[in-house]
Amino acid sequence: MSPTWMLETPAPPADERIAYGGITHQFGDLRLPPGKGPHPVVVVVHGGFWRARYDLEHVGHLCADLTRQGLATWSLEYRRVGHPDGGWKGTFEDVALGTDFLRTLATRHPLDLQRVVLIGHSAGGHLALWLAGRGRLQAGQPLHSDEPLRPRGAVSLAGVVDLERAFALRLGDGIVESFLGGTPTQVPERYRLGSPSALLPLGVKQVLVHGTEDDTVPVSLSEGYQQRAASLGETVRLVRLPGAGHFEVINPKAREWPQVVEAIQSLL
């Protein structure tokens, strides 16, 4: 089976597709395990280098598998580069709004808001860690939220966890400049407020899961992030997956998948 079969194969349908805002791409897919609950929740942020052509469908396989294992999943769609106001700041605003919308969902569904873990793949790994750390943003700064939902932890799966480094490496054919609307010299505040590495210490438990043979987002990004976190007194666990590339971390049929599930469970 192709390591990227998830990208071509329709995922099992969600229990419900729910709008969390009034804009076209402000919706999420909710999947609930059987039983009365309340269920722990995994907020899932898909990747695709923040580009409009990649949507949430391919992570439906991952969500369905986690839900089979007893976890509610809330998979976020959001504005991306190529959509009106995608990138800075629409992408950030959407995932923040969608995550905080869990409070509304919990009034209608048996969700345990004391046990929420954020996970994201690739560019979604960036957004998951940013969501975990956005409580560090001060009133008056762009993207500040008064009472952001506080997760138990966050898992980055092959995440673009350092935007300055990703810019320097020209990851995704230089997408970071398009995503933030400029270079680190031109828009330094956006890199400072929008990059998880710059927001450290986040004050939230984190696990980074990364394949050693990833040629889309090199494992050196996660290694550098972990070292920076350690230097600031924060404990971030790095799980290296020997021989794995970029997509094994979102493939429920991959031999590495149990390590992803363990990373999530370790935070719950």
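Some observations on this one:
- Of all residue pairs spaced 6 or more apart or on separate chains, those with beta-carbon atoms under 6 Å, a first member in the stretch 58-84 that is more than 21 Å from Pro34 (Cβ to Cβ) and a second member that is assigned to a helix (DSSP H, G or I) and of a type outside the set (A, V, I, L, M, F, W, C) are Leu76/Gly98; Tyr78/Thr91; Tyr78/Asp94; Arg79/Gly90; Arg79/Thr91; Arg79/Asp94; Val81/Ser178.
- Of all residues in the stretch 209-249, those satisfying the criterion of being of a type in the set (D, E, K, R) and closer than 16 Å to Ala154 by Cβ are Arg228, Glu234, Arg237.
- Filter result for Val95 (touching a residue at least 60 places away in the same chain (Cβ under 8 Å), buried (at least 19 other Cβ atoms within 10 Å of the Cβ) and of a type in the set (Val, Ile, Thr)): no
- Annotation: of all residues in the stretch 18-34 being without any contact (Cβ under 8 Å) to a residue 60 or more places away in the chain and not in a strand (DSSP E or B), the one that is nearest to Asp173 (Cα to Cα) is Thr24.
- Residues of the stretch 18-39 include at least one that is under 25 Å from His246 (Cα atoms), under 14 Å from the mean Cα position of the chain (by Cα), surrounded by 15 or more Cβ atoms within 10 Å (Cβ to Cβ) and modelled with pLDDT of 95 or more.
- Residue match in the stretch 168-178 (condition: aliphatic (A, V, I, L, M) and surrounded by fewer than 16 Cβ atoms within 10 Å (Cβ to Cβ)): yes
- Of the helices (runs of 4 or more DSSP H) lying entirely inside the stretch 67-140, none contains at least 2 residues that are on the phi > 0 side of the Ramachandran plot and aromatic (Phe, Trp, Tyr).
- Exactly one residue out of Asp112, Asp100 is within 22 Å of Val207 (Cα to Cα) and either free of Cβ contacts under 8 Å to residues at least 60 places away in the same chain or aromatic (Phe, Trp, Tyr) (or both): that is Asp100.
- If you go through the stretch 57-83 and pick out every residue that is under 13 Å from the mean Cα position of the chain (by Cα) and surrounded by fewer than 24 Cβ atoms within 10 Å (Cβ to Cβ), you end up with 1.
- Residues within the stretch 166-176 that are free of Cβ contacts under 8 Å to residues at least 60 places away in the same chain and within 18 Å of the chain's Cα centre (by Cα), tallied: 2
- Scanning the stretch 198-227 for residues that are over 20 Å from Ile264 (Cβ atoms) and in contact (Cβ under 8 Å) with a residue 60 or more places away in the chain, we see that the one that is surrounded by the most Cβ atoms within 10 Å (Cβ to Cβ) is Leu221.
The values are calculated or read from the model by the stated rules, or taken from the named source; none is laboratory data. All of these numbers come straight from a predicted model, not from anything done at the bench. Neighbour counts are summed over all protein chains in view; Cβ atoms, including those assigned to glycine, are modelled from backbone coordinates with ideal geometry.
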